[in-house]
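Data block below; observations after.
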């Protein structure tokens with residue numbers, strides 16, 4: 001069986017991806033996405049170090065998250081000027097609706113580890129892979 005056909009494994013053996021644009025020292029791995037089983041969405045695994053955060057940002061797509069370990073928050077601006085803390089604790093699921101400003105905070109002494117699902121267009125690595133695959137397919141069809 002080739003590596004692309006593998007149907008199980010440890011998250012921690014997946015390659016790390018550079019996510020320094022999100023936050024320094026954050027660890028990111030892609031579990032599922034266009035490179036592995038899921039064309040339309042991406043399931044990422046993040047580890048946000050203790051006392052770190054991801055600066056406020058917004059985009060049109062939802063984030064669907066599940067916290068594996070740690071104790072953090074994502075502050076979501078539900079109304080202009082009104083931020084609400086959505087808890088990210090071990091075993092919690094969290095949804096950040098698209099179009100809302102949000103900021104991740106890990107003020108605890110331990111890393112915050114979570115899964116995050118977004119559409120393929122919402123992940124730069126998956127988006128690049130998907131665009132390359134589309135180009136290759138068009139080229140192949142043209143030949």
(request) Take the chain, drop everything but the C-alpha atoms, weight them equally and run the Debye formula without solvent; then report log10 I(q)/I(0) at 0.12, 0.16, 0.17, 0.20 Å⁻¹ to two decimals. (result) -0.53, -0.88, -0.97, -1.27
(request) Mind giving me the nanometre distance, one decimal, between the label points for residue 92 and residue 58, set 7 Å out from Cα along Cα→Cβ? (result) 2.2 nm
(request) Please give the contour-minus-distance gain from residue 128 to residue 84: 0.36 nm per residue of separation, less the Cα-Cα distance, rounded to one decimal in nm. (result) 12.6 nm
(request) Any chance you could give the angle, 0 to 90 degrees and rounded to 10, that helix 124-142 forms with the longest Cα principal axis of the chain? (result) 20 degrees
(request) With a Förster radius of 30 Å, plug the Cβ-Cβ distance of residue 109 and residue 135 into 1/(1 + (r/R0)^6) and report the FRET value to the nearest 0.05. (result) 0.05
(message) At 222 nm, what value in deg cm²/dmol follows for the chain if DSSP H runs of at least 4 each add -39500 (n - 2.57) and the sum is divided by all its residues, to the nearest 500?
(response) -4500 deg cm²/dmol
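FYI, it's all coordinate maths here, none of it is from the lab. Quick caveat, the model's predicted, so the values are computed rather than measured. Quick reminder, even Gly has a Cβ in these numbers, built from the backbone with ideal geometry, and neighbours come from all protein chains shown.
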